[in-house]
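Novice: Quick one: the structure is below, and I'll ask about it shortly.
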Amino acid sequence: MEVLPWLLLILPLTSAAAIQLYFKRTPALASYISVASVFSTLVITIVLVREQWTQSCPITWATAGDFSIT
């Protein structure tokens, strides 16, 4: 599970680079690659959020004095 956050960042970047470098002349294939990248990113995000919800200690997003957003 440690690789998922990195994959979440790198997948759209590599997809865009591959489309620009190799699939510019085939727009149909480029669109499939783009949609697959977006769908994969969505699935990875759902897995990561679900993993965080099942943990016993929630994430603290912001803290200011006694005020805390978790």
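The values are calculated or read from the model by the stated rules, or taken from the named source; none is laboratory data. As the structure is a prediction and not an experimental result, all values here were calculated from the model. Here the Cβ is made from the backbone with ideal geometry for all residues, glycine too, and neighbour counts use every protein chain on show. Accessible surface areas use protein heavy atoms only, side chains included; no ligands, DNA or RNA. Shrake-Rupley method; radii C 1.70, N 1.55, O 1.52, S 1.80 Å.
Novice: Probe radius 1.4 Å, ligands and nucleic acids ignored: give me the carbon and sulfur share of the accessible area of the chain as a rounded percent. Display every interim value, and only then the final one.
Specialist: Values: 4180 of 5920 Å².
So the carbon and sulfur contribution to the accessible surface is 71 percent.
Novice: Given that just one value was derived from the coordinates, which of (i) -0.59, -0.89; (ii) -0.48, -0.93; (iii) -0.70, -0.95 is log10 I(q)/I(0) by the Debye sum over Cα atoms at q = 0.14, 0.21 Å⁻¹?
Specialist: Looking at log10 I(q)/I(0) by the Debye sum over Cα atoms at q = 0.14, 0.21 Å⁻¹ for this model, the match is (i).
Novice: Kindly express, to the nearest 10 degrees and within the range 0 to 90, the angle between helix 4-21's C-alpha long axis and the longest C-alpha principal axis of the chain.
Specialist: For 4-21 against the chain, the angle is about 20 degrees.
Novice: I'd like the orientation of helix 27-54 relative to the chain: the angle between its Cα long axis and the longest Cα principal axis, in ° from 0 to 90, rounded to 10.
Specialist: Between the helix axis and the principal axis of the chain, the angle is about 10 degrees.
Novice: What accessible area per residue, rounded to a whole number of Å², is obtained for the stretch 4-46 using a probe radius of 1.4 Å?
Specialist: Numbers: 3280 Å² over 43 residues.
I get 76 Å² per residue for the stretch 4-46.
Novice: Along the Cα→Cβ direction, 7 angstrom out, place labels at V49 and I10. What is the inter-label distance in nm?
Specialist: 2.4
Novice: Something else about it: Could you pull out the chymotrypsin sites (Phe, Trp or Tyr not before Pro) across the chain that fall in loop regions by DSSP (anything but H, G, I, E, B) with no more than 13 other Cβ atoms inside 10 Å? Spell out each step's value before the answer.
Specialist: Numbers: sites: W6, Y22, F23, Y32, F39, W53, W61, F67; in loops: Y22, F23, W61.
Within the chain, the qualifying chymotrypsin sites (Phe, Trp or Tyr not before Pro) (loop, at most 13 other Cβ atoms within 10 Å) are Y22, W61.
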